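Read-outs throughout are calculated quantities, based only on the coordinates presented, and are distinct from any laboratory measurement. None of these values were measured; they are calculated from a predicted model. Every residue, glycine as well, gets a Cβ built from its backbone with ideal geometry; the counts of neighbours run over all protein chains shown.
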Amino acid sequence: MNKIASKNAPNLRAISAEVTFQVIEQGQSLSALLLKRTSSKLDDRDRALVQEICFGIMRRLPELNFYLQTLMSKVLTGKNRVLHYLLLVGIYQILYTRIKPHAAVSETVDAVNSLKKSNLKGLVNGVLREFLRQQVPLKEQFSQQSEALQSLHPSWLVNRLKQAYPESRLAIMNANNQKPPMWIRVNQNYALTTEYQRLLAEQNIQSEIDKNVLSALRIVTPVNVNRLVGFDNGSVTVQDLSAQYAAYLLAPQNGEQILDLCAAPGGKTTHILEIAPKADLLAVDIDPERVKRIRENLTRLNLHAEVKVGDGLTPEAWCSGRQFDRILLDAPCSATGVIRRHPDIKWLRKDSDIPQLVSLQQAILNNIWGYLKQGGTLVYATCSILPDENQQQITQFLQTHTDAEQQGESKQFLPSAESGDGFFYAVLKKR
């Protein structure tokens, strides 16, 4: 996994330190930063190492900070603050990668030059070597800390999970701290899932079929999408198991007017069209950059939909009075169900965000309801596991809309090791 860089090559540890610094100290998105910093400058192997380090630090941040705080009498601040994150990079490599400890230390110390802090090489070298000497007792000390600290979650989220899931909170947090499974959706117009599984087996890619979702396959050992048979021509799409429920619950039919609201990056959009390719579908999202992703996904799968940039709070600006047979509202949410895929959520999201998101969801749901035909179906979806955004939201909506009734029970999926992410679904019918 370790790779000695040439003098002119970007320093991978310096990149990792800068990215994690920008996430934690400046509130930037990990995925967006990694795309910007690694997409064109690094080869696949280097990119994988930077991603491994950055994602790993986000998953285990309280533990890594605990070790540093124990080892250092003074906190690095100001212009030297980035070196705090470089030290996290070094400790993470020692503990959680196959890089040999001496190589992890030397490569991390070399990164000090790239960060233009060469006068502090001695400090970085000394702290990392001290960690090597003390890591066993330090790990023992960490194992004796509070549940909240050992959970590797912020205290506000620990408290909310305790309240909502007193019996399963530890399992949820443990799942959040793991690497996510790789799920794919097999385009049933291309091949049956069992047939595609055989094609993968011929490529020595082992997979498992989900017993409940027709199109879902779990890749036992995740692979690059380029290894998936027919990926470029739309035979498969990478999509989590829980996310694949959305289109099935919506039950789209050919010839219907369908709205996919908050649709980016288009995974659910394309699934709807795989099921009902002759539906008249409008996909809308507020983010122009993410709307590009919808178009890219439609092109790859050779599917057709009208795509617009639009705000769910003001449907009158882009709906033109149109009425829909079915609406999928994938509401903006806390994303607490997909932490294992986006571990920076733990540190970017705040407790005060939740009531604001609840208000936003409520406003969008209220505003779009008027664009659903009588007898039409609306699927409300989030990738949250917090009741405020989910069942409580639906209960409140039903109390204030006499023309709405719920079809069946809501579905609240929780993240688990070999299953899907945390998702919520409720199917509403307009009387």
For helix 288-300, report the angle its Cα long axis makes with the longest principal axis of the Cα atoms of the chain; keep it between 0 and 90° and round to the nearest 10°.
70
Note, Arg300: beta-carbon cut-off 14 Å, +1 each Lys/Arg, -1 each Asp/Glu, net +1
Of the listed peptides 167-177, 40-50, 14-24, 243-253, what is their order by residue-averaged count of other C-beta atoms within 10 Å, with the highest listed first?
14-24, 243-253, 167-177, 40-50
Stretch gain in nm, segment Ser40-Asn224, where the contour uses 0.36 nm per residue and the Cα spacing is subtracted
64.6 nm
Quick one: check the C-alpha center-to-center distance for the stretch 82-109 versus the stretch 4-69, whole angstrom.
12
So which of Lys79/Lys121; Lys350/Lys411; Lys308/Lys429 end up more than 18 Å apart by C-alpha?
Lys350/Lys411; Lys308/Lys429
What is the diffusion coefficient of the stretch 91-246 in µm²/s, taking the Kirkwood radius over Cα pairs and the Stokes-Einstein relation at 20 °C with a viscosity of 1.002 mPa s?
108
Rg/Rh for the stretch 280-423 to two decimals, with Rh computed the Kirkwood way over all alpha-carbon pairs.
0.96
Entries of Lys139/Lys268; Lys41/Lys211; Lys41/Lys116 with Cα pairs more than 31 Å apart
Lys139/Lys268; Lys41/Lys211
Starting at the first residue of the stretch 347-352, write each ³J(HN,Hα) from the Karplus equation 6.51 cos²θ - 1.76 cosθ + 1.60 with θ = phi - 60°, in whole Hz, x for Gly and Pro.
9, 8, 7, 10, 4, 5
Name the lysines eligible as straight-distance cross-link partners of Lys100: C-alpha to C-alpha under 18 Å, and not fewer than 8 places from it in the same chain.
Lys3
Among (i) 71, 48, 39; (ii) 99, 48, 47; (iii) 76, 49, 39, the entry derived from the coordinates for Cα extents along the principal axes in Å
(i)
Excluding residues on the same chain fewer than 8 positions from Lys179, give the lysines whose Cα lies under 19 Å from its Cα.
Lys346
If you take every residue apart from Leu241 with its C-beta less than 15 Å away from the C-beta of Leu241, what net charge results, scoring Lys and Arg +1 and Asp and Glu -1?
+2
Amide H proximity to Val220 below 5 Å, modelled H, separation 5+ or other chain, gives Gln206, Ser207, Glu208
The percentage of Cα-Cα pairs in the stretch 1-153 separated by more than 24 Å is 28
If a/c stays under 1.5 just call it rounded; otherwise compare a/b with b/c (prolate if a/b is bigger, oblate if not). Do that for the stretch 252-314, with a ≥ b ≥ c from the square roots of the Cα gyration tensor eigenvalues.
oblate
Local electrostatic count at Asn159 - Lys and Arg +1, Asp and Glu -1, tallied over other residues with Cβ under 15 Å:
+2
Hey, how many Å between the Cα centroid of the stretch 368-431 and the Cα centroid of the stretch 175-192?
23
Stretchable slack from Ala103 to Arg295, in nm (0.36 nm times residue separation minus alpha-carbon distance):
64.7 nm
DSSP-defined beta bridges in the chain - what % are antiparallel, rounded to 5
55
Subtracting the Cα-Cα distance of Ser359 and Glu195 from 0.36 nm times their residue separation yields 54.5 nm
